Amino acid sequence: GAGVSQSPSNKVTEKGKDVELRCDPISGHTALYWYRQSLGQGLEFLIYFQGNSAPDKSGLPSDRFSAERTGGSVSTLTIQRTQQEDSAVYLCASNLGRLAGGRDNEQFFGPGTRLTVL
Amino acid sequence: GESVGLHLPTLSVQEGDNSIINCAYSNSASDYFIWYKQESGKGPQFIIDIRSNMDKRQGQRVTVLLNKTVKHLSLQIAATQPGDSAVYFCAENIQGAQKLVFGQGTRLTINP
């Protein structure tokens, strides 16, 4: 497909387990973003990739959270030793990564992964 | 994270009425703004955008107004329909930065 895809769409895990969430950005998009959205709340920025490097990881809430991107494409967000407060929808977005401004700054979102930690 | 962790404000309007959703942005250096619509179970989708050198832009049934003096953005939806029920987010791009900063969002409910 032409859009951003994420997998799995839903993930239920037990407290203390590790989880991996995957994002496939739009082909050719060099910038990739991860957000967290708790129930009934807004978007919380987690990390941003330009290519394979992460110039801004200021939003990662703890050292249990990490992300990587390989080949300038697929990204994986890993949460270790999950806690119940990690339950949320994790959204991924991508764009062309230009600083030209205007519509180039639009981010295209995937459908999200709903994570439930029991 | 950068967005506030508050529960979303809500707005209810009757089908066919007009609605106005407001957003206060944070940075006077922001040069571009987007309104996103998020339906239940989906990711946010682009609705309309505006550059900082404009104060109004119109789309199909939607109008965005920008007041840079008070750093305020609004989204007007005309003749609302049930499909307009969603959460609406404003987002600002700070000039020279490579990420959007999202507002807290407003839940719009269209009553039949």
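The values are calculated or read from the model by the stated rules, or taken from the named source; none is laboratory data. Just so you know, these numbers come straight off a predicted model, no measurement behind them. Quick reminder, even Gly has a Cβ in these numbers, built from the backbone with ideal geometry, and neighbours come from all protein chains shown.
List of remarks:
- Out of A:Thr13, A:Thr113, one residue alone is polar (S, T, N, Q), surrounded by 14 or more Cβ atoms within 10 Å (Cβ to Cβ), touching a Cys at 6+ places or on another chain (Cβ under 9 Å) and more than 9 Å from chain B (Cβ to nearest Cβ). It is A:Thr113.
- Filter result for A:Gln107 (free of Cβ contacts under 8 Å to residues at least 40 places away in the same chain, buried (at least 17 other Cβ atoms within 10 Å of the Cβ) and polar (S, T, N, Q)): no
- Test: residue in the stretch A:87-103 that is more than 11 Å from every other protein chain (Cβ to nearest Cβ), over 20 Å from B:Val101 (Cβ atoms) and at pLDDT 95 or above: yes
- All strands (runs of 3 or more DSSP E) inside the stretch A:19-72 with 3 or more residues being of a type in the set (A, V, I, L, M, F, W, C) and more than 9 Å from every other protein chain (Cβ to nearest Cβ): A:19-24
- Within the stretch B:98-112, considering residues that are part of a loop (DSSP other than H, G, I, E, B) and among the polar types (S, T, N, Q), the one farthest from the other protein chains (Cβ to nearest Cβ): B:Gln98
- For the stretch A:98-115, the set of residues classified as out of contact with any helix residue (DSSP H, G or I) (no Cβ under 9 Å at 6 or more places or on another chain) and assigned to a strand (DSSP E or B) consists of A:Phe108, A:Phe109, A:Thr113, A:Arg114, listed by residue number.
- Residue count, the stretch A:73-97 (criterion: of a type in the set (S, T, N, Q) and not in a strand (DSSP E or B)): 6
- Within the span defined as the stretch B:26-37, every residue fails to be surrounded by 17 or more Cβ atoms within 10 Å (Cβ to Cβ), over 24 Å from A:Ser94 (Cβ atoms) and small (Gly, Ala, Ser).
- Hits in the stretch B:1-51 - residues which are at pLDDT 90 or above and of a type in the set (Asp, Glu): B:Glu15, B:Asp17, B:Glu39, B:Asp49
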